[in-house]
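The values are calculated or read from the model by the stated rules, or taken from the named source; none is laboratory data. Just so it is clear, the model here is predicted, and its values are computed rather than measured. Accessible surface areas use protein heavy atoms only, side chains included; no ligands, DNA or RNA. Shrake-Rupley method; radii C 1.70, N 1.55, O 1.52, S 1.80 Å.
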Amino acid sequence: MANLHTLTASSYLQYLRSATGYFEKARDQANSLKKSCEDMVDASLFPDMQPLHFQIIAIAHFSETAMNAAFSGEISGPNMDLALDFQGLIEHLKTARSNIARLDEEQVNSLAGGEVLFKYGDINLPFTTEDFFLTYALPSFYFHVSIAFGILRSMGVHIGVANFLGTVRTTPSKSLPNSIHQLTGEQYLEILKPLALP
């Protein structure tokens, strides 16, 4: 059975790394696309949707801040006072990933069975720690990661499924015969890379 660290921190680390990677690709491709990175900061998929800036604030909130909330027992809404340029958004993702990477696996696993309260104004939403992650924080995290990817792709940034997934975690299976080559996550990533646009 998967432990809490595997379900949370390990998944966050995978997607924070991939998100940082496709943001760096957007930065590197900006000139050839005749786009300004700073214009991307305020871009959205549709006029009534939140811009890229908000998506990154939310990604960090539902990963790093969510992990901190599992320790403290309480979380509120994202910090809407942050005002970051494009490179600042990349650094915000890197900081979130770095802070999660420092968490002790045993301490994270010990949080299982605890409680987290989402408190925002008059809203009080109580969760078990597991339900907080599996029904709220992780789905919200993946939603904002997907929207951020979509915004960059809609602006012409050449990224694909390999950039989104990053390196998946694989475990060699003892039930498969030796004649069957089992791919590692790194090998699978190499297969996916050609699916991205040039």
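Taking 0.36 nm per residue of sequence separation and removing the Cα-Cα distance, the THR171/TYR120 pair yields an extension gain of 14.3 nm.
Short to long, the 5 Å bins of the Cα pair-distance histogram for the chain hold 1, 7, 15, 17, 17, 15, 12, 8, 4, 2, 1, 0, 0 percent of all pairs. Can you classify the stretch 1-46 as rounded, prolate or oblate using the Cα gyration tensor, where a ≥ b ≥ c are the square roots of its eigenvalues, rounded means a/c under 1.5, and otherwise it's prolate if a/b beats b/c and oblate if not? Prolate, because a/c is 1.5 or more and a/b exceeds b/c.
Note on the chain: with neighbouring protein chains present and a 1.4 Å probe, carbon and sulfur make up 55 percent of its accessible heavy-atom surface.
Please label the shape of the stretch 34-85 as rounded, prolate or oblate, based on the square roots a ≥ b ≥ c of the eigenvalues of the alpha-carbon gyration tensor (a/c under 1.5 means rounded; beyond that, a/b larger than b/c means prolate, else oblate). Cα axes put the stretch 34-85 in the prolate bin. Surface analysis of the stretch 125-198 yields an accessible area of 58 Å² per residue, using protein heavy atoms and a 1.4 Å probe. The count of lysine pairs in the chain whose Cα atoms are under 30 Å apart, excluding pairs fewer than 8 places apart on the same chain, comes to 11. Measuring with a 1.4 Å probe in the full set of protein chains, what accessible area per residue, in whole Å², belongs to the stretch 14-61? Here the per-residue accessible area is 48 Å².
Each DSSP beta bridge with both residues in the chain is either parallel or antiparallel, and the antiparallel ones are about 75%. Considering only GLY73, GLY156, GLY185, the mean-square fluctuation computed in a Gaussian network model of the chain, springs between alpha carbons under 10 angstrom, is largest for GLY185. Residues whose amide H lies under 5 Å from that of THR170, counting only those 5 or more places away or on a different chain, are GLY185; hydrogens are built 1.01 Å from N in the peptide plane.
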